[in-house]
Amino acid sequence: MLIIKKCKGFINDVKRNKFSYLIALPAIIYVLIFSYFAYPYMVIAFQRYSYKNHTILGILTKGEWIGLNNFKFFFASNNAFRVTYNTIFLNILFIITGTFTAVLLALLLNETRSVWFVRTSQAIMLFPNYISWIVVCYILMALFSNRFGIVNTMMAKLGIPAINWYTEPEYWPSILVFVRILKGAGMSAVIYLAAIAGIDTSLNEAARIDGANRFQLILNITLPLITPTVVVLTLLSIGKIMFGDFGMIYALVGDNGTLYETTDIIDTYIFRALRQVGDPSQAMAIGLFQSVIGFIMVFGSNRITQLVYPDGALY
Amino acid sequence: MNNSVYRKYSLANVIIGFFLMMFTLACLLPMILMLIVSFTDENEIIRNGYSFFPSRLSLYAYTLMFQKGSSVITGYVISIFITVAGTICAVLITGCAAYALANKNVRYRGALGLFFFIPMVFNAGIVPWYLICTRWGLRNNLWALLIPNLLFSPFNLFLVRNFMSGVPDSLRESATIDGANDALIALRIYFPLSVPVLATVGLFYGLGYWNDWWNAIMLIDTKSLYPVQYLLLQLKSQISMLRDLQYIAGAISITPPSESLKMATAVITIGPIVLLYPFLQRYYVKGLVVGSVKE
C-alpha cells in the first residue's frame, strides 16, 4: 500500500514539475546506463564470459557459472599479493608525502608577505597540475632517460656511474613520489591555504600582543586549526587506498615489464587482463575484489570522520 | 608589539623564500628542459644528450609536425573537436540536472540526489563499463571519444547544485507571482546567476576532455581517430609513426629527429592549457577549493 502511495506521490510530483524532471533526464539516463546497468555485469566474476552472450539478461540466464575459479586463479598467482601491496604501499607513500608537502607549502605561502612572489610561485607550481600524465612522462624522460637524460649527464660530470633508471625497479617508488609531489602538491596547498585563510585573524593578533613569535603562532594557532581539514582530506584519501592512479602508472611505466615489481598496481593489472589478455571474467574478479575492499575502506573511513569531525563526513 | 613579524629581510623570510623558490624551480625547470629539447638539433642530442644550453638549435621537429597530412595535426583537430563539443554538452547536461536538484518545488530531489550519489561511493569498475560501451556501439568512432566517462560527472553536478541552492528562494517566489513558469525561472534567473560555477565545471570538463586518453586506449583502434594525447602515448614506443612523417617530408636520408619530435609533440599538447591559463587560475582553483571543503 505504502509503495503504491509513494509511486502516486512521485508521479504527481513529476506532473507538477514536468520541466525540472525533463531537463534532468539526460543525466539520469547517463547514470542509469553507465552506472546502474553496470552492477548486474559484476556477476561475470563468477562466470566464464563469452562475447557472444553479452546482454544483461543473457549473462544472468545463460551464463556459464564456474564458482570461485576466477578468484582462485588470481589469488593463487604471486601477482595478487604484489599488485595489492604495491597499490596500498604507493598510496600510503603518496598520502604522507603529499599531505606533508602541501601543508608545508601552504604555511610558507601564508608567511610570505610579498604579493608578487606568492602570485608568481603559485602560478608556476599550479601549472603541472593541468597537464596530462603523458606529457609528464616525456618530462620524466628528459630527466631520467638512460641515454640522453639530464640526470645521467650530470652524474657523469660528477664522476658517478650512470644508472639505467628505466630498468631498475627499486628507484621507482621514489621517482613516482617525486613526480606526484611536483604535479599535485601545489594544488593541494591551495586547499590548505583556503583553510588557513578561514582562520579568525583576531586569534593571531591576540597571541601576538601576548608576545608569541611567528613560529609559536604557526605551531599553536594555524596548525591546530587546519588539522580538521588535514584529517578529513587524509581520511578521504585513505578511503580510496585500494584504487591506484591508472593514468599516472600507465603513462609513466606503461608496458615496461621490468618495473612491474614495484609499480604494477591493481588498476594496471585489471587493464592488462581485460585489454591484453582479453579475459573479462578474470578482470572482473579482480575488480570485484578491489571494489568490495574499496567500499569497506570508504565506509570505514567515513565512519571515523563522522565520529571525529562530523562536519567533514562524506554522507 | 612584536615588529619582527613584519620586518622584510629577517632570516626567517629568507629561508621561507628559499624553500618556495626551490619548489617553484623544481616545477618549472623540467618543463623548460622539455621546451628546449624540442628546439634542439637532433645530432646535438645524440652527441651530448638533453641539455639546457644546446649549442645548435633547430626548428625541424616543428616543421615536420606541421606539414600537410601529418598525423599530429589530425590528432590535434580531433582533440579540439571532442573538447569543444564534449564540454558544451557536458555543461548543459550538468547544469540542467543541477537545476532540478536545486528546485525546492521538486519533492523527490533528495531521492534524486541519492540516485546520483550512490555510483560515486560504489563503482562497478572498468570491466562492466567496457562491456557496456562495446555493447552500445561506442567503439572505433567519435562517439566513443565523446560519451563514455567524460560527458557527465556527479561531482560536478553536486558542485553546481550547491551553488544553485544558494540562490535566494525569494527570487523564485517573486518571479512566480509575476507569472513566470519553471522554464522561465531556470532560464532567466538560475542559469544567468550560475555562470561562474558553470564556467568552473566547464573548465573541469574541458581539461578532462583535452587530457583524456583513457577512452582512446580502451575503445579506439583506428589510427585516424587517435586524439593527440593518445598519439603522444603511442609515439613513446612507435618509431613507425615517425617514419610516416619522414616519408611525407620526403627526407629519408636525414637522421630522423625522433627525440626532438617527441618533445615537440608534447609541447604543443600543452598549448591550449597555456592559452586558457588565466581562466584556469581564476575558476578552476576556486571550484576545487569549494568542492573539497564541504559546507
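The values are calculated or read from the model by the stated rules, or taken from the named source; none is laboratory data. No experiment lies behind these values; they were computed from the predicted model shown. Here the Cβ is made from the backbone with ideal geometry for all residues, glycine too, and neighbour counts use every protein chain on show.
Descriptive notes on the structure:
- Candidates are the residues of segment B:100-113 that are assigned to a loop (DSSP other than H, G, I, E, B) and charged (D, E, K, R); the one that is surrounded by the most Cβ atoms within 10 Å (Cβ to Cβ) is B:ARG107.
- Pair list, Cβ under 7 Å, 6 or more apart: segment B:167-181 residue away from chain A (no Cβ under 14 Å) and touching a residue at least 12 places away in the same chain (Cβ under 8 Å), other residue of a type outside the set (A, V, I, L, M) and surrounded by fewer than 14 Cβ atoms within 10 Å (Cβ to Cβ): B:ASP169/B:LYS104
- Residue in segment A:229-237 that is within 22 Å of A:LEU176 (Cα to Cα), among the small types (Gly, Ala, Ser) and crowded, with 22+ Cβ neighbours inside 10 Å present: no
- A:ILE218 part of a helix (DSSP H, G or I), within 22 Å of A:LEU193 (Cα to Cα) and modelled with pLDDT of 90 or more: yes
- Qualifying helices (runs of 4 or more DSSP H) (wholly inside segment B:1-99; at least 3 residues being of a type in the set (Ser, Thr, Tyr)): B:60-65
- Matching option when the condition is aromatic (Phe, Trp, Tyr), within 34 Å of the chain's Cα centre (by Cα) and part of a helix (DSSP H, G or I), among A:TYR51, A:TYR21: A:TYR21
- Residues satisfying the criterion are present in segment B:57-80 (criterion: at pLDDT 90 or above, crowded, with 20+ Cβ neighbours inside 10 Å and within 13 Å of another protein chain (Cβ to nearest Cβ)).
- Across segment A:147-162, the number of residues qualifying as touching a residue at least 12 places away in the same chain (Cβ under 8 Å), assigned to a loop (DSSP other than H, G, I, E, B) and either facing chain B (nearest Cβ under 7 Å) or surrounded by 14 or more Cβ atoms within 10 Å (Cβ to Cβ) (or both) comes to 1.
- The test for being farther than 20 Å from B:PHE204 by Cβ and either of a type in the set (Ser, Thr, Tyr) or not assigned by TED's automatic domain parsing to the domain that holds B:ALA85 (or both) does not hold for B:SER165.
- When the test is whether a residue is within 22 Å of A:ILE44 (Cβ to Cβ), at pLDDT 90 or above and part of a helix (DSSP H, G or I), B:TYR130 passes it.
- When the test is whether a residue is in contact (Cβ under 8 Å) with a residue 40 or more places away in the chain and either surrounded by 21 or more Cβ atoms within 10 Å (Cβ to Cβ) or touching a strand residue (DSSP E or B) at 6+ places or on another chain (Cβ under 8 Å) (or both), A:LEU93 does not pass it.
- Meets criteria (surrounded by fewer than 18 Cβ atoms within 10 Å (Cβ to Cβ) and within 29 Å of A:TYR130 (Cα to Cα)) for B:PHE23: no
- Residue check for A:ILE134: facing another protein chain (nearest Cβ under 8 Å), more than 30 Å from B:ILE16 (Cα to Cα) and in contact (Cβ under 8 Å) with a residue 60 or more places away in the chain: yes
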